[in-house]
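Colleague: Would you mind keeping the following structure in view while I ask a few things?
The values are calculated or read from the model by the stated rules, or taken from the named source; none is laboratory data. Worth saying up front: this structure is predicted, and the values here are computed from it rather than measured. Here the Cβ positions follow ideal geometry from the backbone for every residue, glycine too, while neighbour counts run over all protein chains shown.
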Amino acid sequence: MKSILDHANERIYGVMAVNSINIEMVRAVITAAEEERSPIIVQMGPGQIAKHAHLDEIVPVVRELANKATVPVAYNLDHGSKLEDEIRAIQAGFTNVMIDASSLPLEENIKETSTVVSLAHPMGISVEAELGHVGQAADGDGRTDDMYTDVAQAREFVDRTKVDALAVAIGTAHGNYPKGYVPILDFNRLAELKDELQMPLVLHGGSGSGEENLRKAVAGGINKINVCTDAFHAAKDAMTDLLADDPKADFMALQIAAEAGVKKFVKDYIHIIGSNDQYVYGGAYSDSKEWALQGCDTAVPHPSF
Ligand code: 13P
């Protein structure tokens with residue numbers, strides 16, 4: 001994931017990281033990215049893995065689709081918090097792991113994150129961590145100012161942990177906001193964080209954040225945007241619409257509709273955050289796993305498996 005996000009950081013655009021829990025979602029997300037010539041990140045969290053996307057079944061699916069893809073695909077463990085989950089993901093072939101110790105005091109967050117970095121980096125796997133805390137929209141959007149990322153702490157955190165990407169709390173929250181509510185983001189804080197850190201920054205809670213907020217966040221230095229709730233809605237809405245049109249629609253038709261719904265949603269989102277046309281690729285999948293980066297002289301290693 002590091003090479004994807006470093007490029008996005010250098011070129012000032014955002015890359016979608018979509019929580020994808022089955023083959024239809026993984027395929028929708030990757031084919032959307034291919035059609036938009038965009039890098040993409042497939043991710044799943046420990047809860048999603050435990051409930052549905054069992055690693056022994058889903059990893060071969062992601063691996064197959066990522067390796068066939070004509071764009072770089074990274075595979076991220078989202079919100080890992082236990083060491084055993086991190087190790088399992090590293091062993092399974094994820095290309096990035098997130099360690100979320102953001103609910104812990106600073107020193108403990110640094111300690112846990114550093115441990116994960118020490119395990120992941122020697123394997124060529126990058127690490128995302130979170131400082132400040134992105135709450136749940138269901139908890140009245142979960143925000144208080146002291147949960148926002150502090151700039152001086154962020155400097156210390158990155159220096160001591162050596163993380164590759166940092167999730168920052170600037171006003172978004174996970175899940176569904178109350179109807180009609182659009183979060184107010186702290187763009188001044190984002191500007192200070194970017195100015196200080198000069199590294200890939202991550203926005204969690206990419207659903208319902210509003211187009212204008214997303215565009216401004218990307219312009220202000222956000223390079224990875226996590227999206228789960230709205231991608232799930234896109235799948236569900238497509239199935240609901242199909243059933244309304246044709247109550248006899250069978251299970252396969254519903255799966256096909258869900259996949260198409262997610263794909264359209266991802267393609268549209270990619271345009272908002274500007275990752276479309278960031279990757280050009282000069283031929284069929286190459287064994288050398290080298291990819292041409294538009295506008296760059298040097299190819300970077302394929303960040304997929
Ligand atoms: P949303 O469900 O609000 O899109 O948040 C997703 C997320 O941040 C996953 O880490």
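Colleague: Are there any helices (runs of 4 or more DSSP H) wholly within the range 80-172 with 2 or more residues that are closer than 22 Å to P39 by Cβ, in contact (Cβ under 8 Å) with a residue 12 or more places away in the chain and in contact with a Cys (Cβ under 8 Å, 6 or more places away or on another chain), and if so which?
Modeller: No helices (runs of 4 or more DSSP H) qualify here.
Colleague: Which residues, taken from the range 57-91, are farther than 18 Å from P122 by Cβ, within 16 Å of the ligand (Cβ to nearest atom) and hydrophobic (A, V, I, L, M, F, W, C)?
Modeller: Within the range 57-91, A74 is the sole residue that qualifies.
Colleague: Turning to a different aspect of this structure: Within the group S103, S38, S20, which residue is buried (at least 19 other Cβ atoms within 10 Å of the Cβ) and within 18 Å of H174 (Cβ to Cβ)?
Modeller: Just a single option satisfies the conditions, and that option is S20.
Colleague: Of K51, K2, which residue is of a type outside the set (A, V, I, L, M, F, W, C), within 16 Å of the ligand (Cβ to nearest atom) and on the phi < 0 side of the Ramachandran plot?
Modeller: Being of a type outside the set (A, V, I, L, M, F, W, C), within 16 Å of the ligand (Cβ to nearest atom) and on the phi < 0 side of the Ramachandran plot holds for just one of K51, K2, which is K51.
Colleague: Now, a different point. Run down V168, V218, V127 and say which single residue is over 27 Å from H271 (Cβ atoms), more than 10 Å from the ligand (Cβ to nearest atom) and under 18 Å from the mean Cα position of the chain (by Cα).
Modeller: Of V168, V218, V127, the one residue that is over 27 Å from H271 (Cβ atoms), more than 10 Å from the ligand (Cβ to nearest atom) and under 18 Å from the mean Cα position of the chain (by Cα) is V127.
Colleague: Does V202 fit the bill of being within 15 Å of the ligand (Cβ to nearest atom) and either of a type in the set (G, A, S) or outside any helix (DSSP H, G or I) (or both)?
Modeller: For V202, the condition - within 15 Å of the ligand (Cβ to nearest atom) and either of a type in the set (G, A, S) or outside any helix (DSSP H, G or I) (or both) - is met.
Colleague: Something else: Restricting the range 129-171 to residues that are among the hydroxyl-bearing types (S, T, Y) and at pLDDT 95 or above, which is surrounded by the most Cβ atoms within 10 Å (Cβ to Cβ)?
Modeller: T149
Colleague: Test of understanding: among A231, A235, A217, A260, which residue is among the aliphatic types (A, V, I, L, M), surrounded by fewer than 22 Cβ atoms within 10 Å (Cβ to Cβ) and outside any strand (DSSP E or B)?
Modeller: Among A231, A235, A217, A260, only A260 is among the aliphatic types (A, V, I, L, M), surrounded by fewer than 22 Cβ atoms within 10 Å (Cβ to Cβ) and outside any strand (DSSP E or B).
Colleague: A further question on this structure: Which of (1) among the hydroxyl-bearing types (S, T, Y); (2) within 11 Å of the ligand (Cβ to nearest atom); (3) over 20 Å from I30 (Cα atoms) is the odd one out, the single condition T229 does not satisfy?
Modeller: In the conditions (1) among the hydroxyl-bearing types (S, T, Y); (2) within 11 Å of the ligand (Cβ to nearest atom); (3) over 20 Å from I30 (Cα atoms), T229 misses (3) alone.
Colleague: Continuing with this model, one more query. For the range 38-78, enumerate the residues that are within 17 Å of the chain's Cα centre (by Cα), of a type outside the set (G, A, S) and part of a loop (DSSP other than H, G, I, E, B).
Modeller: P39, V71, P72
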